Each structure stands twice: as structure tokens, then as C-alpha cells.
């Protein structure tokens, strides 16, 4: 996935396999992984002759943003999917906390 | 008739009790007990409300709710003929029972799906950090710390959070998350989140869910303070609150600052524990609630 994010053009399974130089992976393994990621909707693929070319469905940053929104309970559905350390606080309210923090640190 | 009336009275009592409990403050002194009381109130309320309708509905059979339902499903003819009122009660009771069960199951499925997607994404984009073994790190400047519950729970912190907190504070936060994992707080939260989906207009249900959310945080704080300095946990909380983790979409944030302050206050100046008699009373009440409603489902008064 990282390789596909770094490369700006869609790659074939063979090219991806070649770029994963540090590990000796069978081409079929790479193809299986790419295929599975496609089925889960993380990759998009287009036909190029006899091979498929793969590209990420969304950028890495947008996935990180999705996780962060979930983590901070900002997705709007208050499902019990995650348990968080604390919930986000709005700007004005943060001021109250800032004052309490300085008090605590001064003691 | 008496069974239906008793169940209806019990349902009303549970509703009033829940409403009182949303504003109670002793709960902060014993979050675990309060969570147990909330759970038993929820179970008793659900069984009493549906049971009251069904008890009235199966009255023509002249037996208890559960035996009556069995007879109804098996297509036996009741002792006295059906009349519209009993048919109506039967329909209402069965509908609300189905809604409760379906909502609970769908909430579970929804949470599991969200978690699975979250976990796959984590596998794709998070990394390990030698500084915090066993924790997944997310490359984002905002601060976040949470756990993805499940059989193999994962604790996740963001790059921003690693920079925000000192070493001791981070240890305190991780102890807090480990407590969530250990005590499976997600399972506590699930039915309340489900109920909120089923009854989004009910103020008591919304407040109940918010209370339980706060109480599990307090319970996790209590466990974490055994392993770390409560003061560090308090400063970590405040620092997190002031960091302004991410530009927030509007219309989502409410009383959270006061929740954070409530948690900080009890970490810094712990209130005395509830007296033994009060604790015993709460446990007895919970046990009575949970046992009496199923009992009323089975027997006919």
C-alpha cells in the first residue's frame, strides 16, 4: 500500500512485487494481497492489456483523517466502536482547562 | 391483570429512577457501582415495559407472560375469546420486544463492522514506535489516544499525542487505555448506544448514555491510578483538552469540558468512598431489579 501511495501512477502487480525489494515475495502473493485490498475497497484497478493496474482509492492522509475523526468521536454516530481517552473540547471550553492546567503545574 | 399492573409500575419506577440517576452526584464516588445500577435499570426497564404490554395481551390465557407467549406461538386457543384491547396490547408488546432485540443486534453488528474497517486501515497506515512498544502510532499532528476493543484489542496513539505528553503522562494514558481493554468497557457502552439509536428523542436515554460514557472513563481512571500518579493522569487530561486536537465539525461538542474537569477533580482530590451500607444498598437494588422482572415474566400474580 505504501508503495502505491508513493508512486503517482497506477502499477501492475509485477511492478509492485519488484518494488518490494527487501522481501522475496512470490508474484502470486502480491497479486492476492492486491486483489484482497481491491475487494475491500482500498484500491481501484483498471485493465491494461492482460494485467490489472492498481491505484489507491484514497490518499493516505484521507484515511488517517478518517481514523482520527473516529478516534475523536466526530463522525456523528455515537456507536460504541471505540473507547477513547477523552472527548474533544471546543475552543472556549479549552480555556477553562488551560487555567486549571497552569494551576496544577504551579502547585 | 395484577402482573401487568406490577410490571407497568416497575417500568415507571425504572424510568423515574433513571431520570433521578442522571443528575445524581454520588455516582462519581463509586463509578463501578453506578454502572452496575445503570445496567440493571436498563434491563429491568426493557423487560418491564414489554412485559407489561405482553402480560395484558396474554391475559385471555390466564397464565404468565412467558408460558402465555409459548401457548400463543403454538396456536392454542385461549380460555376466553380475544377482544380488540388484548390484541392491541399483544401487537404493541411483540413489536416493542422485536424492536429492542433488533436494535441491540444491529448496534452490535454496526460496531463490529466499524471496528473491522478501523483495524484494516490501522494495519495499512499505522506504525510501531520503539518508544512505546505494543502501541500503534498514527502519523497525525493532532492528539488522540484510544483503543479498538475486541478479542485482540489495540491501543492507538497519534504522533501529536506522543509529542504533547511527557513520558509519565503517556504512561498514565496508556494505563487508562489498558483499563478499558481489560474491563471490556465497550460491551458496557453497547446497549446504551443501541438504546439511544432506538429512542433518539428520549432525553433520559441520551443522558443515560452520556452518564455511562463518563462513568466508564472514571472507572478506567480509578484503575489507572493504581499504576501511575493520578496527578500525571490529570495533567495529561487537561493538556489533551487544551490541545484542541482537531478543527472540530460544528454542532457536535457540548459539555465535555465539564466532564474533563469532573475527572480531574476526582483524580486530584478523591472524595471519600461511599459508606458500606450505601454500597450494599445499591448492590441489593440492582440484584432485585435484575431478578424481579424475569420472575414476573414467568409467573402469574
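What follows draws every value from the coordinates through simple rules; no lab data is involved. It should be emphasised that the depicted structure is a prediction, and the values quoted were computed from it without experimental measurement. Cβ coordinates were reconstructed from backbone atoms using ideal geometry, including for glycine residues, and neighbour counts include every protein chain displayed.
Mean residue ellipticity, 222 nm, helices only, chain B: the sum of -39500 (n - 2.57) across DSSP H runs of n ≥ 4, divided by residue count and rounded to 500, is -23500 deg cm²/dmol. Report the calculated FRET efficiency for residue B:184 and residue B:113 (r = Cβ-Cβ distance, R0 = 22 Å), to the nearest 0.05. Using R0 = 22 Å, I get an efficiency of 0.75.
What does DSSP give for chain B in terms of the percent of beta bridges that are antiparallel, rounded to the nearest 5? The partial results should precede the final answer.
Details: 7 of 10 bridges.
That works out to approximately 70 percent antiparallel.
How would you rank B:23, B:50, going from fewest to most other Cβ atoms within 10 Å of each one's own Cβ?
Values: B:23 9, B:50 25.
The order, fewest Cβ neighbours first, is B:23, B:50.
The mean number of Cβ atoms from other chains found within 10 Å of a Cβ in peptide B:177-187 is 2, as a whole number.
This ranking places B:210, A:106 by how few other beta-carbon atoms lie within 10 Å of each, fewest first, which gives A:106, B:210.
Need one number for the protein assembly as shown: average projected area of the convex hull over its C-alpha atoms, nm².
On the way: hull surface 105.2 nm².
Here the figure is 26.3 nm², rounded to one decimal.
Kirkwood analysis of the Cα pair distances in chain B returns a hydrodynamic radius of 21.8 Å. Relative contact order of chain B, taken over Cα pairs closer than 8 Å and 6 or more residues apart, is 25 percent. Mean per-residue shielding of peptide B:213-221 is 2, counting Cβ atoms of other chains within 10 Å of each Cβ. Determine, from the Cβ-Cβ distance of residue B:96 and residue B:32 and an R0 of 30 Å, the FRET efficiency 1/(1 + (r/R0)^6), rounded to the nearest 0.05. It comes out at approximately 0.50.
For the pair residue B:166 and residue B:276, label points projected 7 Å from Cα toward Cβ lie 4.0 nm apart.
Put in line by how crowded their Cβ is, counting other Cβ atoms within 10 Å and starting with the fewest, B:65, B:109 read B:109, B:65. With Cα atoms defining each centre, the stretch B:87-117 and the stretch B:23-52 are spaced 20 Å apart in the structure.
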